[in-house]
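Participant: Here it is: the structure, laid out below.
The values are calculated or read from the model by the stated rules, or taken from the named source; none is laboratory data. Small disclaimer: the values here were computed from a predicted structure and weren't measured. Glycine also receives a Cβ, built like all others from the backbone with ideal geometry; neighbour counts cover every protein chain displayed.
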Amino acid sequence: MNRLVEVGLNKGNPKRLGADILVLKDNYEEVFDMYVHFRELNIYPMVCTFIPCGRTSIERQRKRFDVTDEMKIALWNKIYEWNAEHGIRFEGVSPFAGGHVCTQLRYALYISIRGQVYGCPGELFHIGAMVGKGKRTLKDIWEGVSKNRKYLCEPRIKSISLPKELETKVLEVMKEKYSGAIEGDE
């Protein structure tokens, strides 16, 4: 990362570098400092929890490494408060703490190696299949997807990767303390 910064890849807007920061029991106390460090270097920090696929779809793996809902809510609030204090606008609660809201559910599809189509790699139920029984074209599947989905990542909420009340609790804090930092709330 230091070499990328040395050659200037962190310069400019939009950002060209990002750092994926997975919130774990072992690094929880360091995540906020990492977030601030990367913001100060003009590197986009993607602070996120497990996405429920692969090994992290196994409950015992999540219990072994994942932090509590209360810790997630506290971290999200701390990061959004820091953003407000530093003039970073609040677009809405994101599965990536302090980052842009996830638009994949509205503007992208994930296709598994077996031809199952999902709105997100973490989605538990497919929205269509390009092979086998019920086979449809990708165009038909895309046109059948609701474009009115919420931005907060439903797969992460339904899988309990994010607390169900995360959005509500973060919005409460932001409206109470930093109403001017919320998009459209001048």
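Participant: Among residues belonging to the stretch 106-124 that are among the hydrophobic types (A, V, I, L, M, F, W, C) and in contact with a helix residue (DSSP H, G or I) (Cβ under 9 Å, 6 or more places away or on another chain), point out the one that is modelled with the highest pLDDT.
Facilitator: Top of the filtered list is VAL117.
Participant: Does any residue in the stretch 125-138 that is touching a residue at least 12 places away in the same chain (Cβ under 8 Å) and under 12 Å from ILE111 (Cβ atoms) come within less than 9 Å, Cβ to Cβ, of a residue that is surrounded by 10 or more Cβ atoms within 10 Å (Cβ to Cβ) and among the basic types (Lys, Arg) six or more places away or on a different chain, and which pairs are these?
Facilitator: Correct list of pairs: GLY128/LYS135; GLY128/ARG136; ALA129/ARG114; ALA129/LYS135; ALA129/ARG136; MET130/ARG136; VAL131/ARG114.
Participant: Take ILE21 and decide whether it is closer than 19 Å to PRO95 by Cα, in contact with a Pro (Cβ under 9 Å, 6 or more places away or on another chain), in contact (Cβ under 8 Å) with a residue 24 or more places away in the chain and crowded, with 16+ Cβ neighbours inside 10 Å.
Facilitator: Yes; evaluated as a whole, the condition is true for this residue.
Rundown of residues vs (1) among the charged types (D, E, K, R); (2) over 24 Å from LYS78 (Cβ atoms); (3) touching a strand residue (DSSP E or B) at 6+ places or on another chain (Cβ under 9 Å), yes/no style:
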{"position": "MET1", "(1), (2), (3)": "no, no, yes"}
{"position": "ASP20", "(1), (2), (3)": "yes, no, yes"}
{"position": "LEU24", "(1), (2), (3)": "no, no, no"}
{"position": "TYR28", "(1), (2), (3)": "no, no, no"}
{"position": "HIS37", "(1), (2), (3)": "no, no, yes"}
{"position": "CYS48", "(1), (2), (3)": "no, no, yes"}
{"position": "ILE51", "(1), (2), (3)": "no, no, no"}
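Participant: For the stretch 1-100, please list each of the helices (runs of 4 or more DSSP H) lying entirely inside it that holds at least 3 residues being of a type in the set (D, E, K, R).
Facilitator: The helices (runs of 4 or more DSSP H) meeting that bar are 28-40, 59-65, 69-85.
Participant: Looking at GLY184, is it assigned to a loop (DSSP other than H, G, I, E, B), on the phi > 0 side of the Ramachandran plot and at pLDDT below 65?
Facilitator: yes
Participant: I would also like to ask the following. Show the residue pairs meeting these rules: Cβ distance below 8 Å; 6+ apart or different chains; first residue within the stretch 34-59 and surrounded by 15 or more Cβ atoms within 10 Å (Cβ to Cβ) and at pLDDT 90 or above; second residue in a loop (DSSP other than H, G, I, E, B) and among the β-branched types (Val, Ile, Thr).
Facilitator: Listed pairs, sorted by first residue: ARG39/ILE88; VAL47/VAL23.
Participant: When you look at GLU40, is it of a type in the set (D, E, K, R), over 17 Å from the mean Cα position of the chain (by Cα) and over 25 Å from THR168 (Cβ atoms), yes or no?
Facilitator: yes
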